[in-house]
C-alpha cells in the first residue's frame, strides 16, 4: 500500500480494509516493533503520523511479492485468463449469496 499510494496514514488503512482503529493500531505497532515500518510526524498536522516502510520492510515486501507471484504462477498454470475471470466472477456471486 505504501509503495502504491504515496503518503499513507492509519486512517487510510482503516478505511481501505474496513478495520477498527484498535486492530490497525495493534498491527502497525507490531510491524514497527519488527522494524518493518516507522511512523513519522508530518509538518502540517502534529496529530498525524505518516507510515513509512523501512529498508527491512521494503526487502520483506519484495520477498513476499516474489513468493506470491511464484505461487500464483503455479496455481494458475494451464488455466486461461477467461477461465480465471469466470472463476472469480462465480466466487464473487457465492460470496454475495453467503452475505445475504
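Each value in this text was obtained by applying a stated rule to the coordinates, not by laboratory testing. Because the structure is a prediction, the values reported are computed rather than measured.
The value for region 2-99 of Rg(Cα) / (2.2 N^0.38 Å) is 1.43. Distance between the C-alpha centers of region 4-32 and region 43-88? Whole Å please. Each part reduced to its Cα centre gives a spacing of 16 Å. Contact order for region 20-59, expressed relative to its length and based on alpha carbon pairs under 8 Å spaced 6+ residues apart, stands at 33 percent. The relative contact order of region 2-99 comes to 21 percent, based on Cα pairs under 8 Å that sit 6 or more residues apart. Axis angle, to the nearest 10 degrees, between helix 21-33 and the longest C-alpha principal axis of the chain: 80 degrees. Would you mind checking the tilt of helix 81-99 against the longest principal axis of the Cα atoms of the chain, expressed as 0 to 90 degrees and rounded to 10? Roughly 70 degrees between the two axes.
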